[in-house]
1. Which of the following residues is under 28 Å from E189 (Cα atoms) and modelled with pLDDT of 85 or more: L107, L114?
2. Kindly evaluate F498 against the criterion of being of a type outside the set (D, E, K, R), outside any helix (DSSP H, G or I) and closer than 27 Å to H399 by Cβ.
3. Hey, can you tell me all the residues within the range 168-187 that are touching a helix residue (DSSP H, G or I) at 6+ places or on another chain (Cβ under 9 Å), in contact (Cβ under 8 Å) with a residue 60 or more places away in the chain and part of a helix (DSSP H, G or I)?
4. Return yes or no: is W413 open to solvent by 40 Å² or more (accessible area, probe 1.4 Å), among the hydrophobic types (A, V, I, L, M, F, W, C) and in a helix (DSSP H, G or I)?
5. Here is a check on your reading of the model: is G534 under 30 Å from A447 (Cβ atoms), open to solvent by less than 50 Å² (accessible area, probe 1.4 Å) and touching a Phe, Trp or Tyr at 6+ places or on another chain (Cβ under 8 Å)?
6. Considering the range 301-329 alone, what residues qualify as being touching a helix residue (DSSP H, G or I) at 6+ places or on another chain (Cβ under 6 Å), open to solvent by less than 50 Å² (accessible area, probe 1.4 Å) and not aliphatic (A, V, I, L, M)?
7. Quick check on A222: is it out of contact with any helix residue (DSSP H, G or I) (no Cβ under 7 Å at 6 or more places or on another chain), assigned to a loop (DSSP other than H, G, I, E, B), at pLDDT below 55 and loosely packed, with under 10 Cβ neighbours inside 10 Å?
8. Looking at the structure I just gave you, is E207 at pLDDT 75 or above, farther than 30 Å from L376 by Cβ and not small (G, A, S)?
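The values are calculated or read from the model by the stated rules, or taken from the named source; none is laboratory data. Computed from a predicted model, the values in this text were never measured in an experiment. Positions of Cβ are backbone-derived with ideal geometry, glycine not excepted, and every protein chain shown enters the neighbour counts. Calculation scope for accessible area: heavy atoms of the full protein, side chains included, ligands and nucleic acids excluded. Shrake-Rupley method; radii C 1.70, N 1.55, O 1.52, S 1.80 Å.
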Amino acid sequence: MNPCRLGVNAFQTSVQVVAHHLARRCTSSLPAAPLSRRCVSLWPAAQRQTQPPRGGHGRNTAAWPALLSAPRPALPRRLGIRTIIAGQAVITHYVDLPPDYADEKGLPFAKHDLKPAEVVAVFGPRLSTTAANKLLRILHGRRVAGTLEDPSLRINTIAFTKEDQRIALEYLRRTVPVDEIANAGLRAEDELAALEGDGPVKSQPTEILPEYRNKVKLYKDADALPKKDSVYGPSALDAIRARNQAKWEAELRRREEEKKKREEEERHGQAGPLQVAGKPQTRQLSAKMQEYIVRGQSDLKEPPEMKKWQRLLPSAAFVVVVGGLCLACAEFYTPPKRADRLWPDVPPAAATVGTLILANLLGWGLWKIPPMWRFLNQYFILVAATPRVPTMVSAAFSHQKFFHLVQNMAILWLFGVRLHDDVGRGTFLATYLASGAVGALGTLTWAVMRNRMEVASLGASGAVYGISAAYLWLHRFDGIRVFGLPPPPSEGFQGLTFLGLAVGLNVGAMFTASRLTVDITSHLVGMGVGILAGRLVEERKKTTAQQKGFIRQEVAVVKPTVATKG
């Protein structure tokens, strides 16, 4: 006798199939041995080779239909009969989805659930009959509800492997035709309608995360869940949380009230006790001051229609005239005698540079007088949209900010008195005026060529850079110390070093935000005019030296002749 080895495998589906077949009288297809017919190992070879490995670790789904195709024992009529009334209805359309549908329950996929033999034929021996039918019902429900791709519902099928889910889905698609795309589209329309408030969603999947809230009502709201009081009573953390929440709400209300009061005070030009520390108080302008502001502004809505040469030609002609006068001043100016000077006890360099500083200080002071704003806006500031000829020179004596004035005047004094001592008053004044005028013309040309009609410029920066560049060029190979540095025995830095540093700083500023507030073009053009002035001074000194040497040679030749005659 060959006994059957059941053990743990008796709980598997394959054993259920065997028991289902052998519990009753077998047909002639099975061996007739009285004992061996109850053992799978004594079945015919064609059937035994289709048996899957024990333990369910392997699956041969292609061979199992052969086992099922064998003649099955006759079942008692009282156990196998199911009427249509007792069967389950199969739903395949989204519109027929019942209102009590839940994802964990699913929908019937056939009139009858799969029997153990059918489960083995589809899934193999791994899944039990109950688990297989549950998986099929869940997946069929998702096909009808249009939630096959919903990741939030995976918790209901997490106990099944991906392979089992794939096999189940293929089986359902092969045996139960369902238009999954149409059902998913209808569900999307219902969800969109629910989001817009037009209607509810048909299906109500399982409430997995009660705290997850949305308008589609896929999950229950936390507020809708019954609140259960803790058996331990209120905790200390709950009390702290409540106090902090109350404090934060009170702080938000206080900030909102302060904001409203501050806006009200600023609107009426008053600063009350809620004024922010460090913030300048707003002041209501008088009617007269508002009138000066309106009068000082231009009434033009847009720049006048002019060609580029029409904007540049008058100013360029004026600068040419100024340049000629500067050359004449440098060439023919004769300094007065000490007795004829206005301040005979003041050095000429200090007097000249000091006068220029006073003129710039006067220009800054005029900007503090409101009735002068209209005049200054027209004739003491360069505007690319409406260029005026006098601004080529007058802008070099105009400053609106005190720091801008101090910065320019400090550099003018530092290099101006030294250049004045080297070249004299005529050449110094010619360099200052020419650098400022040509620098302003360079700014105007740049703005017009680039259609930057909003550009406006004022200040003595171009003239000051011209004075500094002229001095550094004349002393380009001389050692210069700044505040005694570098100390001896070093001779200091050459003038070319400082000149190159100034050029580099301005060129580098073109690639920063400073290009929007600093007139870099005027600086560079002014330096170019200063270098040219320094070069002309060197040529004139060289010519003067050669003329003096030629006169001395003539005198040296004539003197011996006079001595011989004597």
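1. Answer to the selection: L107.
2. Working: of a type outside the set (D, E, K, R): yes; outside any helix (DSSP H, G or I): no; closer than 27 Å to H399 by Cβ: yes.
No, not satisfied.
3. Scanning the range 168-187 gives L172, A182, N183, L186, R187.
4. When the stated conditions are applied, W413 passes them.
5. Yes; evaluated as a whole, the condition is true for this residue.
6. The answer is R311, S315, G323, C326, C329.
7. No: the conditions fail for A222.
8. For E207, the condition - at pLDDT 75 or above, farther than 30 Å from L376 by Cβ and not small (G, A, S) - is not met.
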